[in-house]
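Single-structure report; data block below.
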Amino acid sequence: MTVASPHADPGERDTAGPDGSPSGEARRRRTFAVISHPDAGKSTLTEALALHAEVISAAGAVHGKGGRKGVTSDWMDMERERGISVTSAVLQFAYRDHVINLLDTPGHGDFSEDTYRVLAAVDAAVMLLDAARGLEPQTLKLFDVCRARGVPVLTFVNKWDRPGREPLELVDEVEQRIGLRPMPITWPVGIAGDFHGLVERADGTMRRFTRAAHGASRAAEERLDADRAAAEEGVDWERATEELELLGEVGAAFDTPEAMAAFHDGTATPVMFGAALSNIGVARLLDALVELAPPPAPRPSATGDERPIDAPFSGLVFKVQASMDKSHRDRVAFVRICSGRFERGMVLTHDATGRPFATKYAQAMFGRDRSTIEEAFPGDIVGLVNATALRPGDTLWSEKPVTFPTIPSFAPEHFSVARVADASKTKQFRKGIEQLDSEGVIQVLSSDLRGDQAPVLAAVGPLQFEVVAARLADEFSAPIKLERLDYTLARRTDAAGADALRSAIGIEVLTRRADGELLALFPHKWRLQAVTQNQPDLTLEPLIAEG
Ligand code: GDP
């Protein structure tokens with residue numbers, strides 16, 4: 001069997017049963033991430049998605065925010081204390097004969113580098129909007145990352161149970177501000193805050209909801225044909241259908257192969273409405289993922305050719321995480337399977353070093369819970385335990401070599417010197433810094449001048465420093481002192497550039513330990529401008545994703 005083209009008829013994909021081949025299994029996989037501004041409801045939606053698929057018996061089992069108990073998605077203590085997701089978790093569940101892999105991403109902008117790595121491992125993203133707020137700064141930033149990575153985006157307008165904005169206005173904002181053609185597949189009946197249900201655009205039927213008590217279980221759902229909906233919903237129905245007609249006239253329908261192609265190409269976005277907290281519209285979102293989102297496709301290698309899904313095993317390490325749980329003080333590499341069948345115990349090759357890598361301790365990760373995984377297929381995420389040699393961006397393969405492009409590092413904008421607070425802990429400090437560097441928690445820069453004892457930590461956002469300080473203290477018993485530096489800007493340079501800038505005032509050239517790149521740090525853009533004007537031949541290249 002061949003891999004379904006991303007533009008294949010969704011109905012056809014739906015009927016594909018498992019045949020055990022990597023491509024047959026890949027067709028059943030939907031691997032995606034939810035991206036949103038903090039507080040838009042990402043954790044609530046994650047929980048509702050999992051609840052709907054009946055992996056978790058009661059709402060509240062996924063995360064522990066807002067007084068609900070349980071932890072599956074947000075597991076670090078710091079996350080719970082602060083109520084933000086610092087790291088990413090993976091949830092896998094079955095839905096309608098499909099296997100859904102949901103990768104959680106941190107909502108806070110300071111951890112966008114982690115999100116960026118997660119987006120390298122998914123086939124689609126759900127962009128979650130708060131009905132009252134619409135597009136927010138972090139939504140825009142994350143969307144840019146999706147665009148840069150060619151990740152198709154579905155839009156879910158959340159919190160429709162509360163007063164919010166007009167649906168047409170929200171849809172228009174998506175089009176105007178991010179340039180994605182919105183293609184609503186459901187439309188709300190009743191304004192935000194007085195929400196009765198959703199019209200199914202394709203056939204004009206209505207799903208009417210009775211809100212679940214305290215959002216603790218599923219909202220009851222009733223299906224009405226258009227006539228009955230018109231009779232019972234009166235002006236609200238009229239209004240919804242008028243708005244839909246208006247959308248029809250501007251050509252935003254989602255029932256053609258062209259529309260599907262536009263979604264997969266990243267020029268259009270299916271739009272849905274709902275309320276994650278009451279489980280409204282969540283099943284529809286899952287259906288849309290199954291029917292519309294692309295299954296795993298052959299992944300391009302660094303040399304440009306693609307690794308077919310049925311080729312021998314290959315996978316991309318997109319995240320390395322240590323000490324996810326105090327009872328498991330180890331290091332887990334999260335690998336997105338790109339081709340072939342994974343079987344626990346198989347010996348892979350770590351492409352970066354050419355060394356063999358044994359997978360005896362492969363695990364399925366479910367937030368804090370783990371279970372041994374025996375086999376997995378393209379689109380799935382496998383956690384490899386005690387993977388000390390693996391770094392984000394690394395490729396693992398079996399039988400036939402392949403190298404996937406590495407995941408580029410973000411441009412750091414915050415810089416601090418780290419020093420161990422207690423000199424007797426120097427060894428632990430060094431080890432800890434090395435560990436956090438290889439996990440990609442922060443970028444570590446050094447120079448002969450500064451020496452090993454005082455590396456410069458380079459962050460995309462300042463909260464990363466807090467994570468480093470907390471983890472060095474907790475896991476390595478090496479509390480640190482941080483001294484902020486005045487730099488705000490980094491440029492990639494070369495040996496000649498480093499020489500030329502050696503004596504420049506206010507500028508420093510350091511080596512990034514992870515990849516050996518030389519980074520020139522500037523206090524502000526005017527200083528950089530002055531240098532490029534005076535020495536136009538110097539190599540000073542921008543790094544990706546500057547804020
Ligand atoms: P995150 O920061 O994006 O993960 O957001 P959370 O899932 O933690 O949600 C932020 C707040 O919004 C919490 O108080 C949720 O209970 C609330 N919330 C999430 N979804 C909904 C919804 O559909 N309706 C309402 N009214 N509140 C919601």
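So the check is Cβ under 6 Å with 6+ separation or different chains; which pairs have a first residue in the stretch 274-294 that's more than 9 Å from the ligand (Cβ to nearest atom) and a second one that's among the charged types (D, E, K, R) and outside any loop (DSSP other than H, G, I, E, B)?
Cβ pairs passing all conditions: 289/30; 293/30.
Mind listing whichever residues of the stretch 475-504 are exposed (fewer than 15 other Cβ atoms within 10 Å of the Cβ) and modelled with pLDDT under 90?
502, 503
Conditions tested, residue by residue: (1) within 12 Å of the ligand (Cβ to nearest atom); (2) outside any helix (DSSP H, G or I); (3) within 20 Å of residue 142 (Cβ to Cβ); (4) modelled with pLDDT of 55 or more.
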residue: 24; (1), (2), (3), (4): no, no, no, yes
residue: 31; (1), (2), (3), (4): no, yes, yes, yes
residue: 38; (1), (2), (3), (4): yes, yes, yes, yes
residue: 43; (1), (2), (3), (4): yes, no, yes, yes
residue: 46; (1), (2), (3), (4): yes, no, yes, yes
residue: 50; (1), (2), (3), (4): no, no, no, yes
residue: 58; (1), (2), (3), (4): no, yes, no, no
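Please determine, by comparing only the residues of the stretch 302-315 that are aliphatic (A, V, I, L, M) and surrounded by fewer than 24 Cβ atoms within 10 Å (Cβ to Cβ), which one is nearest to residue 375 (Cα to Cα).
Applying the filter and picking the extreme gives 311.
Among the residues of the stretch 326-378, write down those that are assigned to a strand (DSSP E or B) and at pLDDT below 85.
328, 331, 332, 362, 363, 364, 365, 366, 369, 370, 371, 372, listed by residue number.
Go through the stretch 242-290 and report how many residues are at pLDDT below 90 and part of a strand (DSSP E or B).
1
Which of the residues spanning the stretch 487-516 are assigned to a loop (DSSP other than H, G, I, E, B) and free of Cβ contacts under 8 Å to residues at least 40 places away in the same chain?
502, 503, 504, 505, 506, 507, 516
Looking only at the stretch 126-146, filter to residues that are under 11 Å from the mean Cα position of the chain (by Cα) and within 14 Å of the ligand (Cβ to nearest atom); which one of those is nearest to residue 296 (Cα to Cα)?
126
Hey, can you tell me all the residues within the stretch 450-472 that are of a type outside the set (Gly, Ala, Ser) and either more than 24 Å from the chain's Cα centre (by Cα) or assigned to a loop (DSSP other than H, G, I, E, B) (or both)?
450, 452, 453, 455, 456, 460, 462, 472
The values are calculated or read from the model by the stated rules, or taken from the named source; none is laboratory data. Model, not experiment: these values are computed from the prediction. Backbone-built Cβ (ideal geometry, glycine too); neighbour counts: all protein chains shown.
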